[in-house]
Structure formats: C-alpha cells, structure tokens
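FYI, it's all coordinate maths here, none of it is from the lab. Here the structure is a predicted model, which is why all the values come from computation and not from measurement. Here the Cβ is made from the backbone with ideal geometry for all residues, glycine too, and neighbour counts use every protein chain on show.
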Amino acid sequence: MEIKAADVAKLRKMTGAGMMDCKKALAEANGDFDRAQDIIREKGKLVASKRADREATEGVVAAKLTDGNTKGYIICLACETDFVAKNDEFIKTVNDMLDIAIKHDVADIEALKTLKVGAQTVEEMVTEKSGQTGEKIELAYYAKIEAPQCASYVHMNNKLGTLIGFNAQIPAEVAHDVAMQAAAMAPISISKDDCPADVLEKEREIGREQARQEGKPEAMLDKIAEGKVGKFLKESTLLNQALVKDNKVTVAQFIHNANPDATVIAYKRFSLND
C-alpha cells in the first residue's frame, strides 16, 4: 500500500522516530498506527539488546526544585554520543522524564523505571528512545531529597549536577554556592558521620602501609593512619572542605556565618565524567 508523507510525519510526531523508520513501520503495519508504534517500540528493544555491551558515557543531567524549594529531584539519561546528548529532542525527553518523576513524587530510580505513563513504563520509554536514536540509552541516575531548604546546581555542559538539603533557611546565594562547591569538589559525603566505614578503613590501611614502607616504628602506625584519615575527611567531606570561593573558611563555617543553626542534611551528586 502507498504510505503518505502526512502519515509518516504523524507517526514521527507520535514516536519521535526517524522518517524512514516511520515509513517502514507503517508499511509493515499496513497503515495501522497502533501496530506501527508497536513495531517502533520493538525496534527499540532490538537496538537496546544489540548495543547492551556499548558504553553510554554521554548524556544529559537535569535537576529541579519544587514546593517552595523543600524538595529536589535530579536525573540523568545517558547515551553514546555527544551528538545525541545535544539534540533538542533528547534534552526535552530528559526534562519530560524529570517532570514525570516530580508529578508522581518518585522516591528512587527503581520506582521511576517501573512507573506507568499511559501504556508504557518509564523504562519502556527509555528503550523506545534507543530505537529512535539508534544508540544505547539508559536511565543512569535518579535521586530525590527533602529538606526545609534545598538547592540545586547543573553545570553548563549538562553532564554534572548536585542537590543539597539544609535543615534551616539560609540566603539563596549561599545555598547555591554550597551546591556549586559539591559539584566542583565531589565530596564523598556530608561529614564523617555519613562517610562509609569501609572507605575510612581503606584510608587507614593505606596510611599504615605507607608509614610501614617509610620505616616508621610499628607502634606509631595507628596514629599515623588516623592522621591520614583526618586529612582525607578534611579534603573529601563537604562540611570540612575549604570553600572554593574563600579557602580561609570551611563550608561548615560559611553556612554557619549565614545562619548559626544551619547545616547540610542531604546531598546528591552525579557526573557523567566520574
């Protein structure tokens, strides 16, 4: 049967797939739009399966705040090439998925993947995007925070973003600076309290071994190791880091100067380059 250009354009608008893919799907479906959409979705699964071993190292990170800045959401949809990542339609898809997550107040990535939007789950939407782009597409990251005040930051290349939650109100510019600090300095945790125990133990082991290699007395190894852990915490936990904008104060002091009762109680960061 003859496939009209108007029908191809209509299916393309419905699915976002390429013109030739839409024409082939309509031909295979004998002009049935529902079946043609299914064919395009099936193609997405095929593309995703074929490219499962590929690396999705490019993509887009997006973050938004809601409810008077008391909730924050961050998402990353990853792809294979910067060409796709910079495509307006791909960027729109990322923001649409984030809006879906916000609308349903989704708690974590697994809940987002299984969330139904019409006849599809979000995970199926991601698979369909693989069919449209011909690349491996994956939902690489999603997180949500809640706090009396939240701040977000997404770097200008859309490949890095942070969410920060505070227990009390502070000026918006201070909150923004802390979010930028977290983006730039990649702290492993907020403070010692939430730093993974295995990470601290590994630093101790490294400290002991370095001291041993330097010929330090066995009795001093634990003390030296604790010194290394202290240095690690100062450099790698958000509140203890020197502020990038003014290294004479720590992030904790910077926040305290704005509000003596304020501190960070929630922190999320994702980077495609890590």
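Its relative contact order, with pairs defined as Cα atoms under 8 Å and 6+ residues apart, puts the chain at 18 percent. Think of it as helices only: each DSSP H run of n ≥ 4 in the chain is worth -39500 (n - 2.57), and spread over all residues that comes to -15000 deg cm²/dmol at 222 nm. Stretching the chain fully between Gln169 and Met220 yields a gain of 13.9 nm (0.36 nm per residue, less the alpha carbon separation). Calculated FRET efficiency, Lys13 to Asp105, Cβ-Cβ distance, R0 = 35 Å: about 0.75 to the nearest 0.05. Only Lys, Arg, Asp and Glu carry charge here, each on its Cβ (+1 for the first two, -1 for the last two); on that basis the range 54-146 has a dipole of about 180 debye about its Cα centre.
Only residues of the range 219-236 count here: report those whose backbone N is under 19 Å from the spot 7 Å along Cα→Cβ of Lys248, or say none. Backbone N within reach: none found. Note on Ile255, Ile109: ascending count of other Cβ atoms within 10 Å places them as Ile109, Ile255, the fewest first.
In a fully extended conformation the segment linking Asn95 and Asp261 would gain 56.3 nm over its present Cα-Cα distance, using 0.36 nm per residue. By the count of neighbouring beta-carbon atoms within 10 Å, fewest first, Phe270, Phe83 end up ordered Phe83, Phe270. In this label model, Met156 and Ala186 are separated by 2.1 nm, measuring between points 7 Å along each Cα→Cβ vector.
So for each of 74-80, 184-190, 30-36, 128-134 I average, over its residues, the number of other beta carbons within 10 Å; can you give me the resulting order with the highest mean first?
74-80, 128-134, 184-190, 30-36
For the peptides 210-221, 239-250, the ranking by mean Cβ contacts within 10 Å, running from highest to lowest, is 239-250, 210-221.
Once the chain from Asp193 to Thr114 is taken as fully extended at 0.36 nm per residue, the excess over their C-alpha distance is 25.2 nm.
Database remark: amide H of Leu243 closer than 5 angstrom to the amide H of Val249, Thr250, Val251 (H placed geometrically; neighbours at sequence offset of 5 or more, or on other chains; Pro and chain starts carry no H).
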